[in-house]
Amino acid sequence: MKVAVLGLGYAGMVSAACLASKGHDVWGVDVDASKSRLVNDGASPVVEPGLDVLISDAVRRGTLRATTDIDAAVDGADIVLVCVGTPATDHGRVDLRQVEAAVSDIGRAFRTTAPPPRGRRSVVIRSTVPPGTVEELVRPTLARFAPAGCSYGVAMVPEFLREGSGVSDFFAPPFTVIGTDDALVGSDVAELFSGFDARVHIVATRTAEALKYACNAFHATKVSFANEIARLFRGMGIDSRVVMELFCEDDQLNISPAYLRPGFAFGGSCLPKDLRALLYLARVNSVDLPMLSATLESNEITISDVVDRIIAHGGRNVAVLGLSFKMETDDLRESPNVILCETLLGKGYNIRIYDPIVKPARLIGTNQSYVESKLSHLQRLLTDSVGDALAGADVAVVSSRDPLVVAALVATPPPLVVDISGRLGPQVERVPGYWGIGW
């Protein structure tokens with residue numbers, strides 16, 4: 001393919017050189033003429049291990065060149081990659097002026113340049129942009145400047161290139177994510193990035209835009225987590241490097257998809273108790289752990305978010321389908337479902353609960369004392385069947401995936417179904433009034 005890459009910073013230059021090394025005809029474009037001169041002389045305008053060799057080899061073979069002339073780069077190009085900067089303003093808002101300018105230039109270039117042999121062109125955003133940018137900025141801007149009848153499509157393909165290992169990251173990506181609603185664009189972009197041992201996911205455009213932010217936010221969270229743990233344990237004579245090395249060996253829970261599924265708040269006998277114990281240790285040792293402290297507050301907001309949605313819906317009758325913090329157990333200790341029921345009861349709602357596992361007569365010890373402190377009339381609130389719980393309900397709050405629960409929701413759904421598990425399945429997600437708490 002002929003590929004135009006707009007923006008020769010780290011991401012753009014790595015993408016251009018690596019694609020050129022795979023035999024594509026790559027044209028790099030930048031408003032800074034000094035960058036173009038460096039590339040055409042076989043040198044890199046940015047310092048990145050291995051990049052100089054790739055550039056010099058590609059320039060020598062004729063698969064890579066750079067220019068300030070966007071028309072020359074776009075002429076006959078199958079794919080145009082936008083890799084310009086998206087800096088943040090003082091208030092944190094993303095400055096999209098470079099993206100808008102680049103897309104405007106692409107549209108103008110479409111007026112005076114020839115399409116590629118396959119007839120269609122793909123404009124691919126690689127810059128990190130907020131969700132909605134492609135739909136609300138890129139598409140309208142192209143439509144404003146491109147000629148009528150011009151055949152093109154758009155996509156978002158986030159890059160996951162770390163400075164210092166960008167070349168190796170390009171050739172060994174964790175996956176390739178293509179955000180587009182255009183099957184032809186998806187096919188062309190998948191072809192461009194083929195040849196790597198990585199899965200290709202074609203998703204909604206906003207999903208692809210959001211993914212990069214989710215990844216970077218999690219990376220930042222991991223750094224802060226490790227540093228907060230280190231600050232606390234340092235004063236206790238503990239080498240946190242050893243703690244975290246062992247921590248990372250657990251690929252079932254710690255470094256894994258476990259707990260990374262959107263859903264309801266955490267609870268149970270371990271996570272809240274142990275997090276509070278850790279924060280107590282921090283206080284008595286005069287150590288600030290703001291991120292871990294905020295975790296409890298964030299958990300409470302997750303519960304209040306559901307309460308607010310129920311209040312906004314109206315109606316006073318709520319069916320709670322699933323009470324324990326984990327399905328197929330009767331452990332009610334610090335179950336967020338119990339806290340939700342307690343909150344709604346305090347606001348005057350009529351609650352009926354169905355949980356096939358929870359039997360008040362079988363609750364003992366701290367499990368019994370906890371629920372008695374929160375729901376002293378649990379026996380009166382529990383129903384014998386899911387049908388009894390749903391009878392006359394305005395809202396169903398559902399965590400149980402019991403087949404009887406799913407069947408009842410499909411057959412006779414109340415006006416609002418609040419899915420706090422995220423795993424009820426497509427049958428329930430299609431019922432009128434379905435609402436997932438994070439989707």
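The values are calculated or read from the model by the stated rules, or taken from the named source; none is laboratory data. Every value quoted in this text rests on a predicted model; they were computed, and no experiment measured them. Because the Cβ atoms are built from the backbone with ideal geometry, glycine has one as well, and the counts that use them run over all protein chains shown. Heavy atoms of the whole protein, side chains included, go into the accessibility calculation; ligands, DNA and RNA do not. Shrake-Rupley method; radii C 1.70, N 1.55, O 1.52, S 1.80 Å.
From the Cα gyration tensor of the stretch 47-116, with a ≥ b ≥ c the square roots of its eigenvalues, which class applies: rounded if a/c is under 1.5, or else prolate if a/b is larger than b/c, or else oblate? Provide the component values of the computation, followed by the final result.
Numbers: a/c = 3.36, a/b = 1.17, b/c = 2.88.
Taking the square roots of the gyration eigenvalues as a ≥ b ≥ c, the stretch 47-116 is oblate.
To the nearest 10 square angstrom, what accessible area does Ser324 show with a 1.4 Å probe?
10 Å²
Given the DSSP H assignment, sum -39500 (n - 2.57) over each helix run of at least 4 residues in the chain and divide by its residue total; what's the result at 222 nm in deg cm²/dmol, nearest 500? Provide the component values of the computation, followed by the final result.
Working: 18 runs with 196 residues, N = 439.
Dividing the helical sum by the residues of the chain leaves -13500 deg cm²/dmol.
Share of the stretch 204-264's accessible area from carbon and sulfur, percent, 1.4 Å?
Working: 2490 of 4140 Å².
Ligands and nucleic acids excluded, carbon and sulfur reach 60 percent.
Give the residue list of trypsin sites (Lys or Arg not before Pro) in the stretch 267-325 that are DSSP loop and have at most 16 other beta-carbon atoms within 10 angstrom. Mind showing how you got there, number by number?
Details: sites: Lys273, Arg276, Arg283, Arg309, Arg316; in loops: Arg316.
Those satisfying the criteria are Arg316.
Compare Leu292, Leu253 by solvent-accessible area with a 1.4 Å probe and give them largest first, with all protein chains kept in place. Before the final figure, lay out each step's value.
Values: Leu292 15, Leu253 80 Å².
Result, largest first: Leu253, Leu292.
Rounded, prolate or oblate: pick one for the stretch 239-311, where a ≥ b ≥ c are the square roots of the eigenvalues of its C-alpha gyration tensor, a/c under 1.5 means rounded, and failing that, prolate if a/b is larger than b/c, else oblate. Walk me through the intermediate numbers first.
On the way: a/c = 2.73, a/b = 1.36, b/c = 2.01.
Since a/c reaches 1.5 but b/c is at least a/b, the shape of the stretch 239-311 is classed as oblate.
List the GluC sites (Glu not before Pro) in the stretch 252-348 that DSSP assigns to loop (not H, G, I, E or B) and whose Cβ has at most 13 other Cβ atoms within 10 Å. Which are they?
Working: sites: Glu297, Glu300, Glu328, Glu334, Glu342; in loops: Glu328, Glu334.
Within the stretch 252-348, the qualifying GluC sites (Glu not before Pro) (loop, at most 13 other Cβ atoms within 10 Å) are Glu328.
Suppose R0 equals 60 Å; then what is the FRET efficiency for Met327 and Arg118 from their Cβ-Cβ distance, rounded to the nearest 0.05? Could the numbers behind the result be given before it?
Values: r = 51 Å, r/R0 = 0.85.
Approximately 0.75, to the nearest 0.05.
For Arg60 and Val200 in one chain, what is 0.36 nm times their gap in residues minus the Cα-Cα distance, to one decimal in nm? Mind dumping the intermediate values first?
Details: separation 140, 0.36 × 140 = 50.40 nm, distance 3.12 nm.
Residue separation times 0.36 nm, minus the Cα-Cα distance, leaves 47.3 nm.
Within 10 Å of each candidate Cβ there may be at most 11 other Cβ atoms; applying that plus a DSSP loop requirement, which chymotrypsin sites (Phe, Trp or Tyr not before Pro) in the stretch 222-307 survive? Intermediate values should be presented prior to the final figure.
Values: sites: Phe225, Phe233, Phe247, Tyr259, Phe264, Phe266, Tyr280; in loops: Tyr259, Phe264, Phe266.
Within the stretch 222-307, the qualifying chymotrypsin sites (Phe, Trp or Tyr not before Pro) (loop, at most 11 other Cβ atoms within 10 Å) are Tyr259.
On the full set of protein chains, 1.4 Å probe, figure out the accessible area of Trp435 and give it in Å² to the nearest 10.
The value for Trp435 is about 40 Å².
What does DSSP give for the stretch 1-154 in terms of the percent of beta bridges that are antiparallel, rounded to the nearest 5? Kindly include the intermediate steps, with their values, before the conclusion.
On the way: 1 of 21 bridges.
Antiparallel bridges: around 5 percent, rounded to the nearest 5.
Going from most exposed to least, what order do His201, His377, His24, His91 have by accessible area with a 1.4 Å probe? Before the final figure, lay out the partial values.
Working: His201 70, His377 105, His24 30, His91 180 Å².
If we order His201, His377, His24, His91 from most to least accessible, we get His91, His377, His201, His24.
Under a 1.4 Å probe, what is the accessible area of the chain per residue, stated in Å²? List each step's numbers first, then the result.
On the way: 21390 Å² over 439 residues.
Ligands and nucleic acids excluded, the figure is 49 Å² per residue.
Spin-label point model (7 Å from Cα, Cβ direction): what's the Val410 to Asp239 distance in nm?
Here the modelled spin labels are 5.7 nm apart.
What shape does the stretch 1-69 have by the C-alpha gyration tensor, where a ≥ b ≥ c are the square roots of the eigenvalues, rounded means a/c under 1.5, and otherwise prolate means a/b greater than b/c and oblate the rest? Could you put the intermediate results ahead of the total?
Values: a/c = 1.36, a/b = 1.09, b/c = 1.25.
In terms of gyration-tensor shape, rounded.
Considering only protein heavy atoms, what is the solvent-accessible area of Phe193 at a probe of 1.4 Å, reported in Å² to the nearest 10?
So the heavy atoms of Phe193 present about 20 Å² to solvent.
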